[in-house]
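Everything on this sheet refers to the single structure shown next.
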Amino acid sequence: MNPELLNELRAAVGDAQVLTEGDLSAYELDWRKRFRGRALAVVRPANSQEVAAVVRACARHGASLVPQGGNTGLVGGATPDTSGRQVLLSLQRMNRVREIDAANLTMTVEAGCVLQALQQQAKAAGLLFPLSLAAEGSCTIGGNLATNAGGTQVLRYGNARELCLGLEVVTAAGEVWEGLSGLRKDNTGYDLRDLFIGSEGTLGIITAATLKLHPLPAASMTALAALDSLEAAVALLQMAQARLGAGLTGFEVMNEASLALVRRHFPQLPQPLAPSPWMALLELSDTESAEHARAGFESLLEAALEAGTIADAAVAESIEQSRALWHLRESIPLAQAEEGLNIKHDIALPVSRIPAFVAETDAELQRRFPGVRLIDFGHLGDGNLHYNVQAPEGQAAADFLATQEAPINEVVYDAVQRYAGSISAEHGIGQLKREELAQRKSPVALGLMRSIKQALDPAGLMNPGRMV
Ligand code: FAD
Ligand code: ZN
């Protein structure tokens, strides 16, 4: 307890927005229920000036801050430690859209805006904000930018970094950097914006952002294709890119084990094709019309059937059917959570090398940990797999994690390194992968990262113990 700091925090944001009692697990427990901390207080500022006042108060008392948006992160980055001395700064009340500039194709929004609300606001203005992921109903744009989130539209529109033109940030010194800009070109020195994007709250607090919008496509359409192998999925991706060009906005894959888990936990969700080793989910956005989109899909899928690349396919007949297909894909992490804690690997690899990586690593894991269930799915179009390992059927998940997580991670991450991949494609480092990063990133890169951290946060108060 630190009564003086608490008084200063209350003075900064108002008594009602400094929470110290009652059930705070919505803030102190992470989405996967892997990390539970205890905060000195949960502080909920309403604007950037209040955030700055909170940061200054914490700095005066040497208290560290953990920023939090929707608390959907998967690497424990937004969970305070167990000391009871960290201040949890929730951005959720900062949820105003400040401006939509249709002619400039930009939208300026506060950090606590929920992603889905931003998609809807853009759509209401006849525009598209393409960032899309399964947590969009509760994650915030501040969290998306702090983790440089990816999701299902990266293939066409890029990740959060590529959708952001400017930022407003409260620095570790409690100053407000007004970097909101709708400029697509601005070469006036180091790119401070890109420094804060993906920094997971370790350099400063993102309080607002100017985001890139896109024209709304005339139609989008979804298809599911059954495949015998990942090699076939890569071949289908190549065909789809060649034929559909920029129209191909999403290309996801799911292995049979992941869809079996969805059937077990969500039997009400229809799976339109008979089980097959792999399924690909394709999304096509068309600037002309639904008929044009359908024709594009049909000719692609016919050619792929003829070439023997795919075994079967179904094109959604309606928006509802499209949604249902996406729902299947997005239910995999939820089905995994229902099944019990699992070992997640969010990895990036050159697309061309993914089939060999999976064949080799699957075999090695089965040899050393007989019966483990490999729940593989993800954004093949971006070279990003969620290569997750679930305990053998019937084995308690907690025991499995306690004894097997470290050796399984070693097998998987050693293979990722051999294949010139990344140990975090889109979820970030947080607490979960900090040690792994320290061992596997180049010492030169780590040195540069530490220099940046030291320069921007010399007292080490911004989300300490994360990333570096
Ligand atoms: P939080 O969890 O609150 O925070 C995440 C990190 O950002 C923490 O380190 C936190 O300290 C920091 N942070 C939060 N807000 C700020 C701020 N304003 N300023 C500075 N730092 C801040 N991610 C993907 O990339 N692609 C996916 O497809 C994807 N799918 C997901 C599906 C599910 C079901 C779930 C639960 C998560 C998924 N994620 C995915 C994880 C993803 O990182 C988060 O959903 C999202 O980007 C985090 O947003 P948030 O507001 O919940 O952030
Ligand atoms: Zn993902």
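What are the ³J(HN,Hα) couplings of the range 224-230, residue after residue, when phi is run through the Karplus curve with 6.51, -1.76, 1.60 and θ = phi - 60°? Round to Hz, x for glycine and proline.
10, 10, 8, 9, 7, 7, 6
When the accessible area of the range 167-273 is computed with all protein chains present and a 1.4 Å probe, what percentage of it is carbon and sulfur?
Working: 2370 of 4470 Å².
The computed percentage sits at 53.
Would you work out which of L192, T202, M221 lies farthest towards the positive end of the dipole of the range 182-262? Charges go on Cβ: Lys and Arg +1, Asp and Glu -1.
Result: L192, furthest along the dipole toward the positive end.
With an 8 Å Cα cut-off and a minimum separation of 6 or more residues, compute the relative contact order for the chain in percent.
15
Say the dipole of the chain comes from +1 at the beta carbon of Lys and Arg and -1 at that of Asp and Glu; which of L259, L305, N409 then lies farthest toward its positive end?
N409
Can you list the residues, at least 5 places off or on another chain, whose amide H is less than 5 Å from the amide H of A208, using H built in the peptide plane?
Excluding prolines and chain starts, which carry no amide H, the hits are A111, E168.
Using a simple charge model, +1 on the beta-carbon of Lys and Arg, -1 on the beta-carbon of Asp and Glu, nothing else, what dipole does the chain show about its Cα centre, in debye to the nearest 20?
In debye, rounded to 20, the chain gives about 1120.
Helix 397-418 versus the longest principal axis of the chain: what angle, 0 to 90°, nearest 10, using Cα atoms?
Result, in degrees: 80.
Give me the percent relative contact order of the range 406-468, please, defined on Cα pairs under 8 angstrom at least 6 residues apart.
Result for the range 406-468 is 38 percent.
Quick one: which residues, 5 or more positions from L216 or on another chain, have an amide H under 5 Å from its amide H? H modelled 1.01 Å from N in the peptide plane, none for Pro or chain starts.
For L216, whose amide H was placed from the backbone, the distant partners under 5 Å are L128.
Quick one: if the Förster radius is 30 Å, what FRET efficiency do L183 and Q120 give, using the C-beta to C-beta distance and rounding to 0.05?
In this case the efficiency is close to 0.70.
When a/c is below 1.5 the answer is rounded, else prolate if a/b is larger than b/c, else oblate, so apply that to the range 215-281 with a ≥ b ≥ c taken from the square roots of the Cα gyration tensor eigenvalues.
oblate
Where does the Debye-calculated log10 I(q)/I(0) of the chain sit at q = 0.07, 0.08, 0.09, 0.13 Å⁻¹, using only Cα point scatterers of equal weight, no solvent?
-0.37, -0.49, -0.62, -1.26
Which value at 222 nm does the chain reach when only helices count, each DSSP H run of 4 or more adding -39,500 (n - 2.57), with the total divided by all residues and rounded to the nearest 500 deg cm²/dmol?
On the way: 15 runs with 175 residues, N = 468.
Taking each H run of at least 4 residues, the total per residue is -11500 deg cm²/dmol.
Could you give me the ³J(HN,Hα) list for the range 53-64, computed from phi with Karplus coefficients 6.51, -1.76, 1.60 and θ = phi - 60°, whole Hz, x at Gly and Pro?
5, 5, 4, 5, 4, 4, 4, 4, 9, x, 8, 8
Quick one: check the C-alpha center-to-center distance for the range 12-88 versus the range 161-188, whole angstrom.
23
Through the Karplus equation 6.51 cos²θ - 1.76 cosθ + 1.60, θ set to phi - 60°, convert the phi angles of the range 306-315 into ³J(HN,Hα) values in whole Hz; use x for Gly and Pro.
Computed from phi, the couplings for the range 306-315 are 4, 6, x, 6, 10, 9, 6, 7, 9, 9 Hz.
Leaving out ligands and nucleic acids, and using a 1.4 Å probe, what accessible area per residue does the range 358-425 come to in Å²?
39
Report the one residue of A398, Y419, I375 whose Cα lies farthest in the direction of the positive end of the charge dipole of the range 361-468 (charges on C-beta: Lys and Arg +1, Asp and Glu -1; origin at the Cα centre).
Y419
What is the helix-to-structure angle for 3-13, meaning the angle in degrees between its Cα long axis and the longest Cα principal axis of the chain, kept from 0 to 90 and rounded to the nearest 10?
Once rounded, one gets 70 degrees.
What is the dipole size for the range 269-376, taken about its Cα centre, with +1 at each Lys and Arg Cβ and -1 at each Asp and Glu Cβ, in debye to the nearest 20?
The dipole of the range 269-376 has a size of about 600 debye.
Taking only protein heavy atoms into account and a 1.4 Å probe, give the accessible area per residue of the range 114-258 in Å².
37
Give me the percent of the accessible area of the range 337-395 that comes from carbon and sulfur atoms, probe 1.4 Å, all protein chains in place.
Whole-percent figure for carbon plus sulfur exposure: 51.
Fully extended, how many nm does the chain gain between A459 and E435 (0.36 nm per residue separation, minus their Cα-Cα distance)?
6.5 nm
For the range 76-222, what relative contact order do you get, as a whole percent, if you take Cα pairs closer than 8 Å and at least 6 residues apart?
Answer for the range 76-222 is 26 percent.
So for the range 281-419, Kirkwood radius off the Cα pairs, Stokes-Einstein at 10 °C and 1.306 mPa s: how many µm² s⁻¹?
Working: Rh = 17.4 Å.
Diffusion coefficient, whole number: 91 µm²/s.
Near T171, within a Cβ-to-Cβ distance under 14 Å, what is the net charge of the other residues, with Lys and Arg +1 and Asp and Glu -1?
Numbers: positive: R56, R193, K453; negative: E168, E175, E178, D457.
Counting the neighbours of T171, the net charge comes to -1.
Which trypsin sites (Lys or Arg not before Pro) in the range 1-54 sit in a loop by DSSP (not H, G, I, E or B) and have at most 16 other Cβ atoms within 10 Å of their own Cβ?
Here the trypsin sites (Lys or Arg not before Pro) that fit, given the DSSP loop and packing criteria, are K33, R34, R38.
What residues qualify as long-range amide H neighbours of T249, i.e. H under 5 Å apart, gap of 5 or more or another chain, H built at 1.01 Å from N?
E283, L284, S285
Which net charge results when you count Lys and Arg as +1 and Asp and Glu as -1 among the other residues whose beta-carbon is under 13 Å from that of A226?
Residues near A226 contribute -3 overall.
Taking the Cα atoms only, what angle lies between the long axis of helix 319-339 and the longest principal axis of the chain, rounded to 10 degrees?
Tilt relative to the chain: about 70 degrees.
The values are calculated or read from the model by the stated rules, or taken from the named source; none is laboratory data. Remember, predicted model here, so these are calculated numbers, not experimental data. Every residue, glycine as well, gets a Cβ built from its backbone with ideal geometry; the counts of neighbours run over all protein chains shown. With ligands, DNA and RNA removed, areas are computed over all heavy atoms of the protein, side chains included. Shrake-Rupley method; radii C 1.70, N 1.55, O 1.52, S 1.80 Å.
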